[in-house]
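One structure below.
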Amino acid sequence: MESFIIKGGRSVRGSLSVRGSKNAALPLLATSLLADGPCTFSNMPHLRDVQTQIKILNTLGVQSEWRGRQVHTKVIDSYNNTAPYELVKQMRAGVCVLGPLLAKRGECQVSLPGGCVIGERPIDLHLRGLEALGATVRIEHGYVHAKAPKGGLVGAEIYLGGVAGSSVTATENVMSAAVLARGTTTIECAACEPEVVDVADCLNAMGAKISGAGSPRITIKGVKRLRGCNWKVIPDRIEAATFVVLAAACGGELTIKQCRPDHMLAFLDIMRQMGVTVERRGTSLRVGPQSGRTKACDLVTLPYPAFPTDCQAQTMALAAISQGTSVITERIYPERFMAAAELKRMGADIRVANGQAVVTGVAHLQGAEVMASDLRASAALVIAAAAAKGTSTISRIYHIDRGYERIDERLSSIGIDIQRASA
Ligand code: EPZ
């Protein structure tokens, strides 16, 4: 297995361009199942998770072809309607094919995604939403077996709120199923994330009639069929935020290009409260130079537009070297503090209990051998190692390759001393 060797203490300089959003690309690819014609998705990130989604679609009869940053898809057969465990277990967003498959083919079997290190990842809201559209759903031998009524799915009024509020992929799944249902569907307590809006906009480009995406109430008027389309994936707001934290932690100056600062307002507000010098310049962010040490700040993760859980681990790494004590409350995934134990190996002062991390900043972290555990915790370790004094080795970096494209080459280009080594 590969690892990163990072010599800390270097400041950043230059610029990075943000790639297409992983969390938009994955459900967008699933919508190709609904189209009667070929689709082209541009600004696609070259990520392990995107490759996995393409493999899942391939087993479902969708031919995909990469051309640079474009993925061209075409449905060539619809005989196999099973999304297999060996692929869905690798990448939870494989569950995004459930709604499109059910709407287009009337029946499907999709492996339960299983949990992961950030917590139990239920799909009860997905299933409740699809049943509200008339589907019969049963779970057998680790698979969801879903079947639409003879005449197809029927529009309904659906409340899609769970214990943690809205659900991003449940909203995307139910919305994608409702586009071909007879009649009108309203989704109350829909997720408002920009990725949900991107999926809705893409479906509308295919001929769907969706309104209200980005608000808690989405209305979908069912249509008979959808055509293919050309769609450009929105920039990855979480990748952009990761780069902001990296620049704040390491010092120096960094321009982050091709991003959507308007998708990052809650995150940027926390950065400014921590004393990070960051300013918006159109579709770029300019970070630094830092005027002194960053400051502690309390934060709570909540559904969009509030502070995103996917930025929590990275911000914890910055809090670990900021002046004062920060209280980080995780309301989406209360166990999502895997980075804490590894950061403590680097000298961080972090106490985790009951969905909260109390982080007391230290002057600097020390390089150490640490292990990546999930995508965003891995990003936190890279940030910490780049800012630490001394050399760190991060093992199991396949976690980071799932969601950050060629991260070692891109960070090297802005002055970080990072090498990929085969263990
Ligand atoms: C999406 O996951 C993202 N993934 C996650 O990003 C992100 O952390 C999460 O939304 C929250 O923003 C993709 O979009 C591919 P949820 P998703 O359903 O849709 C509970 C990353 O690092 N819930 O919005 O699976 C759930 O337990 C990944 O890029 C139910 O109770 O998350 C959680 O507490 C990690 N029942 C909350 O809702 C359900 O049926 C939000 O989960 C579904 C979810």
Looking for whichever is more than 12 Å from the ligand (Cβ to nearest atom) and either under 22 Å from THR186 (Cα atoms) or among the small types (Gly, Ala, Ser) (or both) here; the options are GLY129, GLY94, GLY106, GLY119. Which one fits? GLY106
Of the residues LEU180, LEU160, which single one is within 9 Å of the ligand (Cβ to nearest atom) and more than 15 Å from VAL110 (Cβ to Cβ)? LEU160
Write out, first by first residue and then by second, each pair whose Cβ atoms fall under 6 Å of each other, whose residues are 6+ apart or on separate chains, and whose first residue, in segment 379-398, is touching a residue at least 12 places away in the same chain (Cβ under 8 Å) and at positive phi while the second is in a strand (DSSP E or B) and not aromatic (Phe, Trp, Tyr). GLY390/GLN366; ARG396/MET371
Which residue out of GLY183, GLY165, GLY214 is open to solvent by 40 Å² or more (accessible area, probe 1.4 Å) and at positive phi? GLY183
Taking strands (runs of 3 or more DSSP E) that fall entirely within segment 96-165, which contain at least 1 residues that are without any contact (Cβ under 8 Å) to a residue 12 or more places away in the chain? 136-140
Taking strands (runs of 3 or more DSSP E) that do not extend beyond segment 196-245, which have at least 2 residues that are under 17 Å from ALA181 (Cα atoms)? 209-211, 217-221
Where SER326 falls short, out of the listed (1) within 16 Å of the ligand (Cβ to nearest atom); (2) in contact with an Asp or Glu (Cβ under 8 Å, 6 or more places away or on another chain); (3) not basic (Lys, Arg): (1)
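For segment 1-45, which strands (runs of 3 or more DSSP E) that fit wholly inside it have 2 or more residues that are within 14 Å of the ligand (Cβ to nearest atom) and either in the same structural domain as GLU65 (by TED's automatic domain parsing) or of a type in the set (Asp, Glu) (or both)?
Values: elements: 2-7, 15-17, 39-42.
Fully inside segment 1-45 and qualifying: nothing.
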MET346 is checked against (1) surrounded by fewer than 17 Cβ atoms within 10 Å (Cβ to Cβ); (2) closer than 29 Å to PRO45 by Cβ and fails just one. What number does that condition carry? (1)
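The values are calculated or read from the model by the stated rules, or taken from the named source; none is laboratory data. Please read all numbers here as calculations on a predicted model, not as lab measurements. Cβ atoms come from the backbone with ideal geometry, glycine included; neighbour counts cover every protein chain shown. Accessible surface areas use protein heavy atoms only, side chains included; no ligands, DNA or RNA. Shrake-Rupley method; radii C 1.70, N 1.55, O 1.52, S 1.80 Å.
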